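Have a look at the structure below, then the notes.
The values are calculated or read from the model by the stated rules, or taken from the named source; none is laboratory data. Remember, predicted model here, so these are calculated numbers, not experimental data. Positions of Cβ are generated from backbone atoms using ideal geometry, with glycine treated the same way; all protein chains shown enter the neighbour counts.
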Amino acid sequence: MLDSCYGYLFISGGKFVLKARKAESAVQDFGPGGILEGSFSSDKIDRTQRCNRIHVFYHSAETLNAETGIVRDDLADQQARANRAGDNGVVEETLKVLSIDNQAQAERFGEQILREEVGTRWTCEFKTNIRGLALEPGDVITVTHPSQPAWQQKLFRIEELNYDENDRLALKCSEYFDGAYI
């Protein structure tokens, strides 16, 4: 089920919550005042293994549930990598999604994943205090930090929320790329 909606499953308020990745606006801002001192780190994502061609296989209702596939390409990213990587810059990924049964849905699904893979460049991690209690996985936040001067309310999506040994909230986030959601 999570594969079909490309989402998150977590417990909130004693109930299971299913949340799809979709276009959203920021629910909270984090700057130096909301990020606990010494807890911030950021990493530029290694692009060599991020796909720029995706194959999505699904069981089509039109072909009586025979496995059918679509291919989505990011030609600009492939051309940019062509001189540095083999296979003309193509990095492929294959997904089999049992819950999709039509081509239009498979194309949207593949395009969203491909755009996130190509467009996401940064991850960050930090700890916060009571300010983060209302946050959930999948929420979009803004991050401003002195160690990254170009980041002025840069959008990130929360991928993981955990508590450390002192019950402070630890967030793992990936860059939010609005162009992924069509």
Seminar exercise, completed: Of (1) among the polar types (S, T, N, Q); (2) within 21 Å of the chain's Cα centre (by Cα); (3) in a helix (DSSP H, G or I), S99 fails just (3)
Exercise. Quick check: anything in region 43-51 under 30 Å from I11 (Cβ atoms) and surrounded by fewer than 17 Cβ atoms within 10 Å (Cβ to Cβ)?
Worked result: yes
For this session: Please find, within region 151-182, the residue that is farthest from E37 (Cα to Cα) out of those that are exposed (fewer than 14 other Cβ atoms within 10 Å of the Cβ) and without any contact (Cβ under 8 Å) to a residue 40 or more places away in the chain.
Result: E160
Exercise. Can you tell me which residues in region 125-150 are more than 15 Å from G34 (Cα to Cα), among the aliphatic types (A, V, I, L, M) and surrounded by 17 or more Cβ atoms within 10 Å (Cβ to Cβ)?
Worked result: V140
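Of all residues in region 2-19, which are under 17 Å from the mean Cα position of the chain (by Cα), at pLDDT below 85 and surrounded by fewer than 13 Cβ atoms within 10 Å (Cβ to Cβ)?
Across region 2-19, the qualifying residue is only L2.
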Exercise. Which number in (1) in contact (Cβ under 8 Å) with a residue 12 or more places away in the chain; (2) among the β-branched types (V, I, T); (3) under 25 Å from I130 (Cα atoms) marks the one condition that I54 misses?
Worked result: (3)
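I want to confirm something. Restricting to region 127-147 and keeping residues that are within 16 Å of K44 (Cβ to Cβ) and not small (G, A, S), which single residue is farthest from the chain's Cα centre (by Cα)?
My answer is H145.
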For this session: Would you mention how many residues in region 8-55 are over 27 Å from L114 (Cα atoms), of a type in the set (D, E, K, R) and part of a loop (DSSP other than H, G, I, E, B)?
Result: 1
Exercise. In region 135-150, which residues are in a loop (DSSP other than H, G, I, E, B), touching a residue at least 12 places away in the same chain (Cβ under 8 Å) and not β-branched (V, I, T)?
Worked result: L135, E136, P137, G138, D139, P146, S147
For this session: Please verify whether region 111-124 includes one or more residues that are buried (at least 19 other Cβ atoms within 10 Å of the Cβ), at pLDDT 90 or above and assigned to a strand (DSSP E or B).
Result: yes
